[in-house]
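A.B. asks: Take a look at this one; I'll ask things after.
The values are calculated or read from the model by the stated rules, or taken from the named source; none is laboratory data. Because the structure is predicted, anything quoted here is derived from the model rather than measured. Cβ placement follows ideal geometry from the backbone for every residue including glycine, while neighbour counts extend to all protein chains displayed.
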Amino acid sequence: MSADSTTGPAGNDRDGSLHGARFAARASGFHPSPVRAVFEVSMLPGMISLAGGNPDLSALPMAEIADAARTLLVEEGLDALQYGSGAGTETLRQAISEVMAIEGAHTSPANVQVTAGSQMALELVTTMFCDPGDVVLAEGPTYVGALSVFEGLQAEVAHVAMDDDGLDPVLLQERIDEVKSAGKTIKFLYTIPNFNNPAGVSLAVHRRQAVVDICRAENIAIVEDNPYGMISFDGSYMPTLYSLDPDNVFYLGSFSKIFSPGVRIGWVVAPEQVRGRLQIAAEATTICPSMLSQMLVVRYVRNFDWRDYVEKSSATYAARCAATMAALEEHMPSGTTWTVPTGGFFTWITLPEGCSVTELLQPSIENGVVFVPGIAFYADGEGTNQLRVAFSFEDESMLEEGIKRLGATIATLAAGQAG
């Protein structure tokens, strides 16, 4: 049932429920995730999924992690299964500071707020800073989960276009001027500067300082979402926006890609006085992050060669990306373009002129391949001729076959449009 299905004074909606008219206005902003919507389709026999950006966990030392979990419960079970600090444990916040320092982002544990995944961190920041009608700047396209947060909290999204070098500072300034001239308040820029989800591109190093300087001059905060920064195919790391302006950048991090999404541990870094307010908001939602998960993550960081795991995983993703790029070159019809990632999980495909992704989805499913339509990654209806392909989970042979099927379906659609 959706909030916008209510039918009038009687309070009944189309499925017969009495509750539709009781929803808060913000309830209409919550929609099913397009990624989750294709999840069941991806489970059909013979279906190749290019949709979900799941990490490959096969390189994790499962037996050793199981032993660590057992030892944790035996040695510290009374603490691990108890309530804890709303900020997260001091030990984990110190470990997070050390993990961030690897990418050149130096912070104090006092500035770290642990959350149940970085999605929660984004919701906390948006809740704290955005009133209904406030504007959030975001790359176009941007992470679908972020759009869900912004719409659910009644913040408006103004997209800023990207190219192969990521966010364009000139277009950013133009967009800021346009929004401000309309009399609207911009609260922050939300950006995924490293291996953007869904576009796969990164903000060029030579543009990073310019973006930071523009936002500082315009009194606009930056929310830097960096779940993929360490998934670099050549092992190099780009400077974080946080390292360039720690007083104006809120940094979101996650263990989902460098350990496991199942532990549901993320964090937000903010100035200490703001971090304290975020803790209060977090406590109102979850009371405290899972002590068991936090303590397991600490053992993972302290006792395992986790950087070797990240390097092995990145090599796997690099090989899968290369297979995807080769398959795109071989099987995509003329007029199709795509991004060439140097890290992360995704590439972004633009269809030949005249082709619509909504017309492509069902024939693709019938042809045994599923993806996420580009319109899911915009708040303004753009992306009708674009789609996201994830190469993180399927192996090379499945990716090659999936791209082959997708290319054949696009070719058929393009031929029909030309005819």
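Yes/no per residue for (1) under 28 Å from ALA69 (Cα atoms); (2) touching a Lys or Arg at 6+ places or on another chain (Cβ under 6 Å); (3) of a type in the set (Lys, Arg); (4) not assigned by TED's automatic domain parsing to the domain that holds TRP338:
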site: GLU272; (1), (2), (3), (4): no, no, no, yes
site: ARG275; (1), (2), (3), (4): no, no, yes, yes
site: GLN279; (1), (2), (3), (4): yes, no, no, yes
site: THR286; (1), (2), (3), (4): yes, no, no, yes
site: SER290; (1), (2), (3), (4): yes, no, no, yes
site: VAL298; (1), (2), (3), (4): yes, no, no, yes
site: ALA315; (1), (2), (3), (4): yes, no, no, no
site: ALA323; (1), (2), (3), (4): no, no, no, no
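Yes/no matrix, rows are residues, columns are (1) surrounded by fewer than 21 Cβ atoms within 10 Å (Cβ to Cβ); (2) more than 22 Å from VAL201 (Cβ to Cβ); (3) in the same structural domain as ALA161 (by TED's automatic domain parsing):
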| residue | (1), (2), (3) |
| --- | --- |
| ALA318 | yes, no, no |
| PRO333 | yes, yes, no |
| TRP338 | yes, no, no |
| THR358 | yes, yes, no |
| PHE377 | no, no, no |
| ALA390 | no, no, no |
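A.B. asks: Might you let me know whether segment 333-348 holds any residue that is in a helix (DSSP H, G or I) and free of Cβ contacts under 8 Å to residues at least 24 places away in the same chain?
C.D. replies: no
A.B. asks: I need the full set of residues from segment 247-271 which are closer than 20 Å to GLY52 by Cβ, free of Cβ contacts under 8 Å to residues at least 60 places away in the same chain and outside any loop (DSSP other than H, G, I, E, B), in order please.
C.D. replies: GLY262, VAL263
A.B. asks: If we keep just the residues of segment 235-246 that are free of Cβ contacts under 8 Å to residues at least 40 places away in the same chain and not in a helix (DSSP H, G or I), which is surrounded by the most Cβ atoms within 10 Å (Cβ to Cβ)?
C.D. replies: ASP245
A.B. asks: Which of the residues belonging to segment 358-374 are aliphatic (A, V, I, L, M) and over 22 Å from TYR143 (Cα atoms)?
C.D. replies: Taking segment 358-374 and keeping what is aliphatic (A, V, I, L, M), we get 360-361, 365, 369-370, 372.
Within segment 358-374, just ILE365 meets the criteria.
A.B. asks: Something else about it: Take THR347 and tell me if it is in contact with a Cys (Cβ under 8 Å, 6 or more places away or on another chain) and hydroxyl-bearing (Ser, Thr, Tyr). Spell out the reasoning first.
C.D. replies: Numbers: in contact with a Cys (Cβ under 8 Å, 6 or more places away or on another chain): yes; hydroxyl-bearing (Ser, Thr, Tyr): yes.
So THR347 fits the description; yes.
A.B. asks: For segment 205-234, how many residues meet the condition of being part of a loop (DSSP other than H, G, I, E, B) and either crowded, with 17+ Cβ neighbours inside 10 Å or touching a helix residue (DSSP H, G or I) at 6+ places or on another chain (Cβ under 7 Å) (or both)?
C.D. replies: 9
A.B. asks: Only one residue in ASP56, ASP79, ASP67 is of a type in the set (Asp, Glu), at pLDDT 95 or above, over 30 Å from GLU224 (Cβ atoms) and in contact with a helix residue (DSSP H, G or I) (Cβ under 9 Å, 6 or more places away or on another chain). Which one?
C.D. replies: On the way: ASP56 fails: over 30 Å from GLU224 (Cβ atoms); ASP67 fails: in contact with a helix residue (DSSP H, G or I) (Cβ under 9 Å, 6 or more places away or on another chain).
From the options ASP56, ASP79, ASP67, the qualifying one is ASP79.
A.B. asks: Next question. Quick check: is even one residue across segment 308-329 among the charged types (D, E, K, R), without any contact (Cβ under 8 Å) to a residue 40 or more places away in the chain and more than 17 Å from PHE391 (Cβ to Cβ)? So that I can check it myself, show each step before the final result.
C.D. replies: Quick first cut of segment 308-329, residues among the charged types (D, E, K, R) only: 308, 311-312, 320, 329.
Keeping just the survivors that are without any contact (Cβ under 8 Å) to a residue 40 or more places away in the chain gives 308, 329.
Those still in the list that are more than 17 Å from PHE391 (Cβ to Cβ) too: 308.
Yes, some residue in segment 308-329 is among the charged types (D, E, K, R), without any contact (Cβ under 8 Å) to a residue 40 or more places away in the chain and more than 17 Å from PHE391 (Cβ to Cβ).
A.B. asks: Here is a follow-up. If you check LEU72, LEU57, which single one turns out to be in contact (Cβ under 8 Å) with a residue 40 or more places away in the chain and outside any helix (DSSP H, G or I)?
C.D. replies: So the residue among LEU72, LEU57 that is in contact (Cβ under 8 Å) with a residue 40 or more places away in the chain and outside any helix (DSSP H, G or I) is LEU57.
A.B. asks: In segment 376-402, which residues are part of a helix (DSSP H, G or I) and over 14 Å from ASN54 (Cβ atoms)?
C.D. replies: ALA376, PHE377, GLU396, SER397, GLU400, GLU401, GLY402
A.B. asks: Taking segment 57-115 as the search range and keeping residues that are under 26 Å from MET238 (Cβ atoms) and polar (S, T, N, Q), which one is surrounded by the fewest Cβ atoms within 10 Å (Cβ to Cβ)?
C.D. replies: SER108
A.B. asks: Of all residues in segment 161-196, which are in contact with a Ser or Thr (Cβ under 9 Å, 6 or more places away or on another chain), surrounded by fewer than 23 Cβ atoms within 10 Å (Cβ to Cβ) and either among the hydrophobic types (A, V, I, L, M, F, W, C) or not assigned by TED's automatic domain parsing to the domain that holds ASN226 (or both)?
C.D. replies: Answer for segment 161-196, where residues must be in contact with a Ser or Thr (Cβ under 9 Å, 6 or more places away or on another chain), surrounded by fewer than 23 Cβ atoms within 10 Å (Cβ to Cβ) and either among the hydrophobic types (A, V, I, L, M, F, W, C) or not assigned by TED's automatic domain parsing to the domain that holds ASN226 (or both): just VAL179.
A.B. asks: How about segment 359-406: which of its residues are acidic (Asp, Glu) and in contact with a strand residue (DSSP E or B) (Cβ under 7 Å, 6 or more places away or on another chain)?
C.D. replies: Once the filter is applied, which keeps residues that are acidic (Asp, Glu) and in contact with a strand residue (DSSP E or B) (Cβ under 7 Å, 6 or more places away or on another chain), segment 359-406 yields ASP380, GLU382, GLU394, GLU401.
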